[in-house]
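One structure is given here, and the rest of the page talks about it.
Since every read-out is calculated from the coordinates, none of them should be taken as a lab result. Everything numeric here is computed off the predicted structure, so don't read it as measured data. Glycine gets a Cβ as well: all are built from the backbone with ideal geometry, and neighbour counts include every protein chain shown.
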Number of protein chains: 2
Amino acid sequence: MKPTDAFVGPMLTDLYELTMAYGYWKTGKERDKAVFDLFFRKNPFGGEFTVFAGLEEVIRSLQAFTFTDTDIAFLREGTVKRKPELEGGFEAGLNNGFVREKDGGYEEFGFDRRGVGAWRPVRPPTGDLSIPGPMAGCDPAFFDWLRGIDCTELKVYAMPEGTIAFPRIPLIRVEGPLCIAQMQETTFLNLVNFPSLLTTNAARFRLAAGTDKGLVEFGLRRAQGPDGGISASRYAYVGGFNGTSNVEAGLLFGLPTKGTMAHSYVASFSGLDDISDPTIKSPDGTERNFVEMVLSYRSRLGYEQTHEGELAAFISYALAFKDGFLALVDTYDTLKSGLPNFICVALALIAAGYKPVGIRLDSGDLAYFSKETRKVFRKVDKQFSIDLFGALTIMASNDINESILLSLTQQGHEINVFGIGTHLVTCQAQPALGCVYKLVALNGHPRIKLSDEVEKMTIPGRKEVYRLIGTNRQPVLDLMVEAGTPPPKAGERILCRHPLNEAKRAYVVPKSVVPLHRCVWDGRQTYAFPSLDTVRQYVIDQISEMRPDHMRAINPTPYKVSVSEDLFRSIHEIWMHEAPITEIG
Amino acid sequence: MKPTDAFVGPMLTDLYELTMAYGYWKTGKERDKAVFDLFFRKNPFGGEFTVFAGLEEVIRSLQAFTFTDTDIAFLREGTVKRKPELEGGFEAGLNNGFVREKDGGYEEFGFDRRGVGAWRPVRPPTGDLSIPGPMAGCDPAFFDWLRGIDCTELKVYAMPEGTIAFPRIPLIRVEGPLCIAQMQETTFLNLVNFPSLLTTNAARFRLAAGTDKGLVEFGLRRAQGPDGGISASRYAYVGGFNGTSNVEAGLLFGLPTKGTMAHSYVASFSGLDDISDPTIKSPDGTERNFVEMVLSYRSRLGYEQTHEGELAAFISYALAFKDGFLALVDTYDTLKSGLPNFICVALALIAAGYKPVGIRLDSGDLAYFSKETRKVFRKVDKQFSIDLFGALTIMASNDINESILLSLTQQGHEINVFGIGTHLVTCQAQPALGCVYKLVALNGHPRIKLSDEVEKMTIPGRKEVYRLIGTNRQPVLDLMVEAGTPPPKAGERILCRHPLNEAKRAYVVPKSVVPLHRCVWDGRQTYAFPSLDTVRQYVIDQISEMRPDHMRAINPTPYKVSVSEDLFRSIHEIWMHEAPITEIG
């Protein structure tokens, strides 16, 4: 199966992966047996957990890892800039692209200082317009080798998609020929960083809103590009959202899609004359004049001062979606116009045999407006001796973030569904997760990256990871051990050490032990892609099993990440061996 | 020409665009003559300017705006979740997807609480696995209409790509049938918001770094998805960067690509035995043992305590890229190991007839290390009576943002090139631009969106926009006038009013007047896509012409956005007419 995003392939990478590949190949090291760990160093959003996501696309990228002739040609020979324009061009009557031939030379389209487009002479395409191949000058045999490689010799181990993860624990471990394993770095990081960040963000919004609220992702327009939007919709669902406004994501992933109307819709109606056909047909087949029904409620309720264009907009929408009437009520004035107009139309719908859905608030004090709305709804129920309005949906949107959700919960509110855009999809509170991809072993020997910053050091060696589970099925800590050593056993006392701080040690007697890594690729896919619903449920289940103090929004307790006694000794030996002793003075 | 991102099309939209379309269509308003403005309300990053970008992709999206049969089928009938898995499945030996038939029922693949994958019974696909069409129940004739529409009846006016823009001034104005113009909203916003934000961010980095520094975009791994990375590379270049590490972006857009080595490369070498062939061939054809040459410099300089694996890595890289040797020097210890190792290899390269490029710093105090490095380089020049090291490139990366650039400039540093990732590509300082798309006129009448928040009000009516230019070609202010009224003229005194605050007025006598909007689409493309280099130069030129106090990073002066006297009166009349008078008490 192909990657979901058409850009994913071996060229979606940093150039240095290819220059390093050439270096390895040239030195004859390209088939050295390498182990790389993909991990992050710090949980995002000031929290103490991260949800690992993106694995399915990582596996799809492995399947798509072959260089095409076009790729190779670009690397060797470069390209001519904006070639499609040079070749294709516009229809007659317009100029034929951004560069055209003129009197044996070339002209380029550009803007003068007044911002007016104009043609000006440029040097011919062979000069100005071509860029050299990024790998020009490399041995031709290298390109033959590059053209032939794929991922059949790699083994990839990973946590299942949706696993709650912690700093320094490898999310993915890649084993295989140095060169090919190295070349996965940028692609893997790109495919894991944002999905994991977004899923974590969505899970945090879910924790803040509570399990009884609806959460709909509304962020496509503010997302970081088309794919940023598609990914956001997908992983918001995995993190616990109920649906999205994004139609393409609905189509691609089978997500529930939601949506009603924008302010433009309301503003496009001037008055009741805009309603071309006022007839409504009830489920029993009778036909009535819906506008008259609405106006009768309007006069009975004394709501004649509301905006008539808005009323017309609501009527037209109710006629189009008789069982899906949800009105945006803040175009002119929420309490003076939007809400009364909604009530008149909703009452008429009920009288015609349908059930309205509710309202959406998109500005102002959401807690206050929602409480006022609920009060008015209950009054209407009482006045008309019905029991319908009190339970209508109150939806709220408008720049909602995690803090606002927490504050709303604290204040009390009557909102049933939140529409959340910008802060969710761009992860505004922290728009990047810092996963890294580090060489940890080569030809059976542990490798290390030291650093002037101790936090940037890696934990060397090929490692297995276990989650130790205590009472109530609560995870107690994650333990890394050297691969090949016996795994920790349930019921046995295990010494767990902080990887860096030698004073921090704990004995744990786990009730059960969960191996976190499994083989997801051994030259071909060995991991059945679970459905998004399965992953979503897995996330929800794990969150409910974690100790709440690890998961809270403010000052959460760090979850312990530890290493075995053997691994601790091995790490510190390597550090001592590799790090130079600084001479001062 | 197709959109660059394959996801772009009429389905990359919020569902409410389609439900509104149905409402319009049902009411017979779908062909009302609408005018929509796309604009933002606040400049990003605490600044006072924004660079408009994304226009080319907007125009490409207009060309791609037709619904396919698959789209229509999804909207009407929904879909079966994860269809590819149900149809395709894996190769033999593995289960054939996430759902399989079993004993007349179905099983789904999922994880138990220990994180172990297992099959469990699910209801058949017709129950659990299908989702209903988001537009199920709509009139079948609507879908026929939807299948037939395109953008040939639209007119689109816009500022040229790369124009410096300000709040409330429409970047794009769309005119045409209400329904089709409305349906462009989400797509246009998605295609303008991130490119404009990113280009602005890049331009700010360029202002902070100064024009004499190299800026390379390194952000693919931290970008918000594959397309987030591709867009970031493209628009960073437009905003004034010199190149990218992103190979795919290099291929797609003809961008200069840059890159050398990661820590993994350095860490993968244990010692000089890793060098399979130590021979270097000089330009004159002579062959020598390069390792011996390096070791001779090493002993001459007393650098024997450096990390030998790192030295081997540098030697191998220099042998692979004899004219492109740039070494990452902080894997073990920048000043004690990385820099001395680089110097030995660089001296040997010079002796063999080649020219090394320089070093990259990726951790620690970049200003200090760069100054120390430059000092050592100058010492080497002196010691060997050459004039080469002093001018070598010092590149720096490591979580650089705009403030760090400003601070480095203030401290003084010796860095020539900055590699910038996360903060640039995710726009960490503010990851979303708040462009909106508002109906401003219908059938020749101005329309307005009022709001409980005065900042959310729109400026109604079909408007033309002019930039008034003063002495030294400096823009003085932008002026909106009602379309169809005479444009302001150079040399004439013009009363310019603040759109909201009636006390704020100014007379301006412009030296010249630049109309900012031009027709870019009148049923087909009428705007020649300029090359990225042309747009980039246009951005650079404009920035150099702006008054510096508008452009500075800290407390910049707002640029004036104004309306004509006529437009001011018209706006305020409409506001008075549409806004209800609140009753208090």
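Quick look at the numbers
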quantity: When the stretch A:439-585 is reduced to its Cα atoms, the Kirkwood hydrodynamic radius in Å; calculated: 17.7
quantity: Label spacing, shortest first and in nm, from residue A:63 to its equivalents in the remaining copies (7 angstrom along Cα→Cβ); calculated: 3.1
quantity: Inter-site label distance for residue B:276 and residue B:212 at 7 Å from Cα along Cβ, in nm; calculated: 4.5
quantity: Kirkwood hydrodynamic radius (C-alpha pairs) into Stokes-Einstein, the stretch B:395-506, 20 °C and 1.002 mPa s, D in µm²/s; calculated: 114
quantity: Helix-only CD estimate at 222 nm, as mean residue ellipticity for the protein assembly as shown, using -39500 (n - 2.57) per DSSP H run (n ≥ 4); calculated: -10500 deg cm²/dmol
quantity: Cα-centre dipole for the stretch B:1-63 with unit charges at Cβ (Lys and Arg positive, Asp and Glu negative), debye to 20; calculated: 220
quantity: Inverse mean reciprocal Cα-Cα distance (Kirkwood Rh) of the stretch A:224-376, Å; calculated: 16.8
quantity: The stretch A:25-73 versus the stretch A:538-583: alpha-carbon centroid distance in Å; calculated: 22
quantity: Other copies of residue A:523: label-to-label distances in nm, shortest first, labels 7 Å along the beta-carbon direction; calculated: 6.1
quantity: Spherically averaged projected area of the stretch A:391-441 from its Cα convex hull (nm²); calculated: 5.6
quantity: Alpha-carbon Debye profile of the stretch A:331-438, log10 I(q)/I(0) at 0.10, 0.15, 0.18 Å⁻¹; calculated: -0.37, -0.69, -0.90
quantity: Considering only chain B, percent of DSSP beta bridges that pair antiparallel, nearest 5; calculated: 75
quantity: Size-normalised alpha-carbon gyration radius of the stretch B:263-326, reference 2.2 N^0.38 Å; calculated: 1.11
quantity: Compactness relative to 2.2 N^0.38 Å, alpha carbon Rg of the stretch A:315-384; calculated: 1.06
quantity: Chain A: radius of gyration and largest Cα-Cα distance (Dmax), Å; calculated: 30.2, 97
quantity: Student exercise, the protein assembly as shown dipole from Lys, Arg, Asp, Glu Cβ charges, in Debye to nearest 20; calculated: 1800
quantity: Label-point separation, residue A:511 to residue B:545 (7 Å along Cα→Cβ), nm; calculated: 7.2
quantity: Charge context of residue B:233, other residues only, Cβ under 10 angstrom, K/R +1, D/E -1; calculated: -1
quantity: Simple Cβ-charge dipole of chain A, Lys/Arg +1 and Asp/Glu -1, about Cα centre, in debye nearest 20; calculated: 1580
quantity: Alpha-carbon gyration tensor eigenvalues x 5, square-rooted, for the stretch A:422-478, Å; calculated: 28, 24, 11
quantity: Cα-Cα P(r), the stretch A:454-514, percent of pairs per 10 Å interval; calculated: 22, 50, 25, 3
quantity: Lys/Arg +1, Asp/Glu -1 at C-beta; the protein assembly as shown dipole; positive extreme among B:326, B:172, B:423; calculated: B:423
quantity: In the stretch B:298-378, the GluC sites (Glu not before Pro) that fall in loop regions by DSSP, at most 13 other Cβ within 10 Å; calculated: B:304
quantity: Reference-scaled alpha-carbon Rg (2.2 N^0.38 Å with N residues) for the stretch B:160-299; calculated: 1.64
quantity: Listed residues B:245, B:10, B:207: farthest to the positive end of the dipole of chain B (Cβ charges); calculated: B:207
quantity: Of all DSSP beta bridges in the stretch B:139-288, antiparallel share, percent nearest 5; calculated: 65
quantity: Of every Cα-Cα pair in the protein assembly as shown, the percent that sits beyond 58 Å; calculated: 17
quantity: Listed residues B:535, B:339, B:487: farthest to the positive end of the dipole of chain B (Cβ charges); calculated: B:487
quantity: Label-to-label distance, nm, for residues given as residue A:581 and residue B:472 (7 Å Cα→Cβ offset); calculated: 6.1
